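Notes to accompany the following structure.
FYI, it's all coordinate maths here, none of it is from the lab. Please read these numbers as outputs of a predicted model, since none were measured by experiment. No Cβ is skipped: glycine too gets one built from the backbone with ideal geometry, and neighbour counts run over all protein chains shown.
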Amino acid sequence: MVVLKTRNLILSFRKKISEGAPLAKTFRDEEQNFPVIMVRMIAVGEKTGKLDQILEELGQFYRKETEQSLQTISNLIATILMFVIACLVPLRA
């Protein structure tokens, strides 16, 4: 389901951009699928001629955010496992 939605989104972007639509407008048309701040930053990047810098900064930001989320999930899983093991050890004794 997610793969199909992503594929359709990419095809939509490809079509609009190949027809000459600005990147910011293409993102704005699909705003429900992207963070509003991201869409606005892309628009600013296009207007100021610094789209490459904006995209690099967005990439770094979301990479860090993803790493932090994965670390949080990993820590949570480790804590749950320790709790489960701590509950099971007395049962074996």
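Backbone N atoms of segment 57-74 closer than 20 Å to the 7 Å Cα→Cβ label point of ILE37 belong to residues 57-73.
Ranked by the mean number of other Cβ atoms within 10 Å per residue, highest first, peptides 20-29, 5-14, 79-88 order as 20-29, 5-14, 79-88. Against the chain, whose longest principal axis comes from its Cα atoms, helix 36-48 is set at around 40 degrees. What the phi angles of segment 54-63 give under the Karplus curve with 6.51, -1.76 and 1.60, with θ = phi - 60°, is a coupling list of 4, 5, 5, 5, 4, x, 5, 4, 6, 5 Hz, glycine and proline written as x.
Would segment 44-93 count as rounded, prolate or oblate if I go by the C-alpha gyration tensor, calling it rounded below 1.5 in a/c and otherwise prolate when a/b exceeds b/c, oblate otherwise? In terms of gyration-tensor shape, prolate. Note on segment 1-69: Lys pairs 8 or more places apart or on different chains, Cα atoms under 24 Å apart, count 12.
Across all Cα atoms of the chain, the radius of gyration (one decimal) and Dmax (whole number) stand at 21.0, 71 Å. Applying 0.36 nm per residue to the separation of GLU30 and LYS64 and subtracting their alpha-carbon distance, the gain on full extension is 9.9 nm. Dipole magnitude for the chain: about 220 debye, using +1 per Lys or Arg Cβ and -1 per Asp or Glu Cβ, origin at the Cα centre.
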